[in-house]
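This report concerns only the one structure given below.
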Amino acid sequence: MARAAPVAEEIAALRGTRPSSLKELLTHRSFSRLLRAMLVSSLGDWVGFVAVASLVADEGGERLGALAVAGVMLARLLPSVLFGPLAGVFADRFDRRKLMVGADLGRGAMYASMPFMPGLWAIFLLSFLIECLSLLWTPAKDASIPNLVPRRQLSNANSVGLITTYGTLPLGASIYTLVAGASNGIGAHVRYFGLHPQFLALWLDAFTFFFSARMVWGLDLHQNRVARLRAGAEAKLNFNSIVREAKDGYRFLAAHPMIRAMTVGIVIAFAGVGAVISLGPVFAQYSLNAGSTGFGILITAFGIGMGTGMGLMNSLARLLEKEKLFVVAMLGTAGCAVVVAAMPTLGLAALFTVPMGVGTGLTWVTGYTMLQENVTDEYRGRTFATLTISARMALFAALVAFPALAAAIGPLTFTVGGRELDLSGVRIALWVGAAVVIMGGMFSWRGLRRSRLARPRPLSLAPRLHKREGAGVLIVFEGVEGSGKGTQMELARRYLESKGLHVVATREPGGTGFGDRLRETILDPATGTVDPRAEALVFAAARAQLVATVIRPALDEGKVVLCDRFIDSSVAYQGAARGLGEQDVLALNAWATQGLFPDLVILLHIEPEEGLARANDERDRFESEDLAFHAKVADAYLKIADEHPNRFHVVDARGTPEEVHGRVREGLDRVLAPPDAGPPGQT
Ligand code: TYD
C-alpha cells in the first residue's frame, strides 16, 4: 500500500516546500510574538493561581482555609460547565485577535484589582470571570495557530505551545515563592507588603496579561477576509443564534469520524494525566515506600518523557502516519501505565514513567496537529472549545474518581508462594485508568479507520518525470478573479521577448483543443452544480493534456513558458474554497502533471471585492460564487505563498498596469537571471 507520508513528502520536495526546522519556527515573526505572549502569560497565570489560592487560604483562616481554596477551584471550573459549549462560537464568529486582546486586558485588570477586593466572595467572583475570559482566549489561540504558521510547522508549533503552557507550572510556583519572599523582605520597610505577600504576585500576573495583549495585538492572523465577511454578513448575535451555532459545531464534530476520534483520544489522555497526578503521591509514598520525595521524582520523570515525546513528534511522523502514531502512542502509554503500577520500587517505576510521558506527549501533540490540519477555519474555534472543555472536565473527574476508587478498594495484600504481594487499591485504580486509555485508543482507531476508508489513497507518482536539468522555465500567474493576470502576462511576455527569450504563453483551463472544450463546459453557468471532486478532475484532466502536449515540449526546448493559472489554482479553488483539502488536490495534480511544478508563481494579490467589481457582467460559474468563496480563495493563495517564499512572488495588483508590471518584473528577474548562470531560454 502506498504510504501517505512519503507521497506528501515527495510532493513537498517537488514544490520546493522548505523543511520545518524548529529554529525557523522560533524566529517566525508572528509565532515568536505569540510564543512570548503564551510564555509570559502562562507563567503569570501559574503565579497568579498559587497567589490566589494562598490569598483565600489566608482569608479563610485555619478553619475555613481549605474550603476557600476549594471554592476558588470551583469558581474556575464553573464557567466551563455553564458556558463551555457556547464559548467556541465567539472564537469562530469574531476577530480572534481582538477577542484575545480583550480577554487579556480583562484578565489583567481583574488580577490587578484583586488586592482591593473586600472579601472572599469578591475573589470567587473574579476567579469565575477570569476563567470565563480564559475560556474565550484558549480556543481562539488554538484555532489561530494554523492561520499563523505554515502548515508544515503545525506540529512544531503545537509542541512548543503545549510545553510553554504546562511546562511553566513548576517555574511559576518557584517564581511565586520568590516574589512572596521579596514582598516579605520589603515588608520590613513597607508594612503593607509584609502583611500581604500575595499582592506583588497578583500585580506581576496582571502585568503579564497586559504584556500578552500587547504581543497579540501585533499579530497578523490572516483570518481577516473570511472572518470579516462572516462577521459582516450574518445576523446579529443573540442567545438563539449562539445556541444554533454551537449546535452546528457539535453536528460538525459528530459527522466527522476522524475529528471525533481525535477529540475523544485527547480527552482521555487528559484523564490519564489526572489519574497520574491524583494517584501519584499515594502510590509513591505507600505502594513504593519512597517517602514524600518519591512523587516529585515520578512527576519529573513524567515531565521529561512528555517533553521528549513532543520533541520527537516531527521525526516520528516521518516514519509513521500521524493517525497510526496517535493510536500507537495512546496504547503505549496505557501499556507503560500497567507496568508502572506493578513496579515494586521507585527506581523501576520512574524508569517506566518516562516512556509513559513520551506516549502522553505524543498523543497530545499528534491529536492537536491533526485537528488543526483537518478542521476548516470556520469550525475550528468551536472544535477547540469543545476539546478544551471536555479535557478539563475529564481532568477534574479523574482527579476525584481515581483516588475515590483507590480508597474504596483499600489496601490489599496477598501471599503467593510464601511471598507477600502488595495489590493496593492504588495499583488497581491505575490499572483501571490504563484500561480506560486502552478503550479510548481502540475507539480512536476505529474512527480513524473509518475515515481512512472514506479517503482516497494517494496516487502513485511513478514514473517520476520531474523537470530535466537545463530545461526551460515555467512561470505561472495566479490570483483571484479580476486581479489582472491576462494583462500582466501579456506585458511580461513582451518584456521577456525584448530580452531575447523565447516565450510560450498559455492558459488554464484550456490551451489545447481538448482543454478548451473542457473549459467551456466547466465555466458555463448552464452546467450547474458540479461535485467538487468532478470539478477537480476536470481541471486536472485539462492540465494533464496541456502539460503533456504544450508545456513539457516547450520546456524541453529550453523555452520560457508563461501560464495563466496552474496547480495552485486547483489548491486554492478546489482544495480550500470547495473544501477538498490541500493534500488530496496536490496528490491528484502531481500525478496529472507527472510532478511538474512551476519555477515561479507570480501571485497578483487584490482584495476579492475589488477584483470581482472589475469582472464584467457576464459571469462564469466561478465568478457567480458568493464573496465568501472568493475570500477563501484569496486567503488560500496568501497562505500557500507564505509557505513557499522561494517560489512565490506576491505582487500588489492595485495601480496602473505599468505600475504592477514594474513589481512583476522584480520576480521575473529573480528567476531568469540566476547569479551563477546565464538566463535559460536564450535564442
Ligand atoms: P478564467 O477565465 O481563466 O479566470 P480569470 O479570467 O478570472 O483568471 O477562468 C478560470 C476559472 O476556473 C477561474 O474562476 C478559476 C477556476 N479554476 C479552478 O477553479 N481550478 C483550476 O484549477 C483552474 C485552472 C481554474
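The values are calculated or read from the model by the stated rules, or taken from the named source; none is laboratory data. What you see is a predicted model; the values in this text were computed from it and never measured. All Cβ positions, even for glycine, are placed from backbone atoms using ideal geometry, and neighbour counts span all protein chains on display. The area values use the complete protein model at the heavy-atom level, side chains included, leaving out ligands, DNA and RNA. Shrake-Rupley method; radii C 1.70, N 1.55, O 1.52, S 1.80 Å.
A few notes on this one:
- When each of ILE551, ILE522 is tested for being within 12 Å of the ligand (Cβ to nearest atom), assigned to a helix (DSSP H, G or I), over 34 Å from the mean Cα position of the chain (by Cα) and in the same structural domain as GLN488 (by TED's automatic domain parsing), the lone residue that passes is ILE522.
- Any hit, the range 120-132, residues being assigned by TED's automatic domain parsing to the domain that holds SER212, touching a Lys or Arg at 6+ places or on another chain (Cβ under 8 Å) and touching a residue at least 60 places away in the same chain (Cβ under 8 Å): yes
- Qualifying residue in the range 643-655 (condition: more than 12 Å from the ligand (Cβ to nearest atom), in a helix (DSSP H, G or I), open to solvent by less than 20 Å² (accessible area, probe 1.4 Å) and at pLDDT below 90): yes
- Just one of (1) in a helix (DSSP H, G or I); (2) away from the ligand (no atom under 11 Å from the Cβ); (3) open to solvent by less than 10 Å² (accessible area, probe 1.4 Å) fails for GLU609. It is (3).
- Neighbours by Cβ (under 9 Å, 6+ apart or cross-chain): first from the range 583-607, of a type in the set (Phe, Trp, Tyr); second assigned to a loop (DSSP other than H, G, I, E, B) and open to solvent by 10 Å² or more (accessible area, probe 1.4 Å): TRP591/PRO458; TRP591/LEU459; TRP591/SER460; TRP591/LEU461; PHE597/GLY16; PHE597/HIS466; PHE597/LYS467; PHE597/ARG647
- Of all residues making up the range 513-565, the number that are of a type in the set (D, E, K, R), farther than 25 Å from SER483 by Cβ and open to solvent by 70 Å² or more (accessible area, probe 1.4 Å): 5
- Which numbered condition VAL530 misses (of (1) in contact with an Asp or Glu (Cβ under 8 Å, 6 or more places away or on another chain); (2) hydrophobic (A, V, I, L, M, F, W, C); (3) part of a loop (DSSP other than H, G, I, E, B)): (1)
- Extreme residue, farthest from the ligand (Cβ to nearest atom), among residues of the range 483-509 that are assigned to a helix (DSSP H, G or I), open to solvent by 50 Å² or more (accessible area, probe 1.4 Å) and touching a residue at least 40 places away in the same chain (Cβ under 8 Å): ARG493
- On the stretch given as the range 284-309, residues that are part of a helix (DSSP H, G or I), in contact (Cβ under 8 Å) with a residue 60 or more places away in the chain and within 24 Å of PRO411 (Cβ to Cβ) total 3.
- Annotation: GLU666 fulfils all but one of (1) at pLDDT 85 or above; (2) surrounded by 15 or more Cβ atoms within 10 Å (Cβ to Cβ); the unmet one is (2).
- Number of the exception - ALA391 against (1) open to solvent by less than 10 Å² (accessible area, probe 1.4 Å); (2) hydrophobic (A, V, I, L, M, F, W, C); (3) touching a Gly at 6+ places or on another chain (Cβ under 6 Å): (3)
- Filter result for ALA157 (assigned by TED's automatic domain parsing to the domain that holds ALA75, within 22 Å of GLY218 (Cα to Cα), without any contact (Cβ under 8 Å) to a residue 60 or more places away in the chain and in a helix (DSSP H, G or I)): no
- Hits in the range 566-582 - residues which are among the aliphatic types (A, V, I, L, M) and open to solvent by 30 Å² or more (accessible area, probe 1.4 Å): ALA576, LEU580
- Given (1) open to solvent by 10 Å² or more (accessible area, probe 1.4 Å); (2) within 13 Å of the ligand (Cβ to nearest atom); (3) at pLDDT 90 or above, index of the condition ASP599 fails: (2)
- Residue in the range 220-240 that is over 30 Å from GLY611 (Cα atoms) and either modelled with pLDDT of 80 or more or in a helix (DSSP H, G or I) (or both) present: yes
- Some residue of the range 24-39 being on the phi < 0 side of the Ramachandran plot, out of contact with any His (no Cβ under 6 Å at 6 or more places or on another chain) and not in a helix (DSSP H, G or I): yes
- Condition check for LEU627: among the hydrophobic types (A, V, I, L, M, F, W, C) and modelled with pLDDT under 90: yes
- Test: residue in the range 275-298 that is buried (at least 18 other Cβ atoms within 10 Å of the Cβ), in the same structural domain as ALA429 (by TED's automatic domain parsing), touching a Pro at 6+ places or on another chain (Cβ under 6 Å) and at pLDDT 85 or above: no
- Residues satisfying the stated conditions in the range 172-219, i.e. open to solvent by less than 60 Å² (accessible area, probe 1.4 Å), closer than 19 Å to VAL56 by Cβ and of a type in the set (S, T, N, Q): SER183, GLN198
- Residue tally, condition in contact with a Gly (Cβ under 6 Å, 6 or more places away or on another chain) and either charged (D, E, K, R) or within 8 Å of the ligand (Cβ to nearest atom) (or both), over the range 536-548: 1
- Looking at LEU627, LEU586, just one residue is open to solvent by less than 10 Å² (accessible area, probe 1.4 Å), within 30 Å of PHE252 (Cα to Cα) and more than 11 Å from the ligand (Cβ to nearest atom), and that residue is LEU586.
- Just one residue in the set ASP205, ASP248 is charged (D, E, K, R) and modelled with pLDDT of 85 or more; that residue is ASP205.
- Looking across the range 557-582, the residues that are away from the ligand (no atom under 14 Å from the Cβ) and not in a loop (DSSP other than H, G, I, E, B) come down to VAL560, VAL561.
- Exactly one residue out of LEU312, LEU325, LEU331 is on the phi < 0 side of the Ramachandran plot, open to solvent by 20 Å² or more (accessible area, probe 1.4 Å), out of contact with any Gly (no Cβ under 6 Å at 6 or more places or on another chain) and part of a helix (DSSP H, G or I), and it is LEU312.
- The range 44-79 - residue that is of a type in the set (Val, Ile, Thr) and in contact (Cβ under 8 Å) with a residue 40 or more places away in the chain and, of those, surrounded by the most Cβ atoms within 10 Å (Cβ to Cβ): VAL47
- Exclusive hit being open to solvent by 50 Å² or more (accessible area, probe 1.4 Å), outside the structural domain of ILE606 (by TED's automatic domain parsing) and modelled with pLDDT under 90, set GLY447, GLY440, GLY425, GLY417: GLY417
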